[in-house]
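Taken together, the values in this text are just the output of simple stated rules run on the coordinates, not laboratory data. All values reported here derive from a predicted model rather than from experimental measurement. Note that we place each Cβ from the backbone using ideal geometry, even for glycine, and neighbour counts take in every protein chain shown.
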Amino acid sequence: MTRPIVAIIGNTHLINDQYPAHAGGTMNSAAVSDVSGALPVIVPCDPAYVGVEELLERFDGFLLPGGRPNVHPEEYGENWTEAHGAIDRGRDTIALPLIRACVERGQPFLGICRGFQEVNVAMGGSLHPEIRELPGRMNHRMPPDGTLEEKFALRHPISLTRGGVFERVFGADEVMVNSLHGQGIAVPGPRIVIEGHAPDGTPEAIYVKDAPGFTLSVQWHPEWNAADDPVSRPLFEAFGEAVHRWAAGERPAEGRKIA
């Protein structure tokens, strides 16, 4: 049986601080393949090579992964400062209109970390450049040292809206997650529904209100240990179900809404 195809939106970076490359983490590919049951394809996120319309026509769903570069603050009406860190304008140019098009069409996407932040910005929201500097907030950044297991270890609980879409996916109103991000939602977009918060109030789980398709996005990194983690697995399974329905020709606008 032919698997549906999921585009993993790539990040631009330098190998050995010199060689330009487009890349996506192997954990994302493994989660899409092993848990969502789809064929993962890393897309060079640069308008010189790809266009939004051809992506929409060629792929069944999209994974918007994390990445070191942040969304440029000009996308939400602010000037860049050193606090905003590295940026990737190519990814901004592709990912933001892609998100809006998917929302309109009902085409499924899953946002992770930067992807979570992209969804908020694409829908008219804004970001804090460094949430650990806000009063009462914890440091959500990745530990600077240690093994991958230590960096991706579970660090804090997420409280979920009772009766909401995320509680239905996870089967619980509180879950434990890792934390590897510096930025976070400042003002949610008008259609952004926040259903999960860290103990310090930081938004961690969102979807787009009245979107006909799958738009779930999370601030943490569920791709880590996705096949075995009790939170990651159902999230990627739900995404996979939506992608399989799209590949089979089912259009959410014709049937039930995800949320």
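Take the alpha-carbon centre of region 98-140, take the same for region 146-219, and report the distance between them in whole Å. Taking the Cα centre of region 146-219 as reference, the centre of region 98-140 is 11 Å away. Counted residue by residue at 0.36 nm each, then reduced by the alpha carbon distance between them, the extension gain from Tyr19 to His156 reaches 45.7 nm.
Is it possible to state the helix-based mean residue ellipticity at 222 nm for the chain, with each DSSP H run of 4+ residues giving -39500 (n - 2.57), the sum divided by total residues, to the nearest 500 deg cm²/dmol? What is it?
The per-residue figure over the chain is -7000 deg cm²/dmol.
Rounded to the nearest 20 debye, the dipole magnitude of region 27-183 is 280 debye, with +1 charges on Lys and Arg beta carbons, -1 on Asp and Glu beta carbons, and the Cα centre as origin. Semi-axes of the equivalent ellipsoid for the chain, computed as √(5λ) from the eigenvalues of its C-alpha gyration tensor and ordered from largest down, come to 24, 22, 19 Å. Along the charge dipole of region 5-254, which of Gly240, Asn70, Tyr207 sits closest to the positive end, that is, farthest toward it, with unit charges on the beta carbon of Lys, Arg, Asp and Glu (+1, +1, -1, -1)? Of the options given, the answer is Tyr207. Calculated on the alpha-carbon coordinates, the convex hull of region 1-124 measures out at 115 cubic angstrom per residue. Summing charges over all other residues whose Cβ lies under 10 Å from the Cβ of Pro4, with Lys and Arg as +1 and Asp and Glu as -1, gives +1. Here the residues Val119, Val71, Val187, Val193, ranked from fewest to most Cβ neighbours within 10 Å of their Cβ, fall in the order Val187, Val193, Val71, Val119. Sorted on the mean count of surrounding Cβ atoms within 10 Å across their residues, most packed first, peptides 16-26, 44-54 read 44-54, 16-26.
Here region 14-64 was treated as a single set of alpha-carbon atoms; its pair distances binned every 5 Å from 0 give 4, 17, 24, 22, 18, 11, 5, 0 percent.
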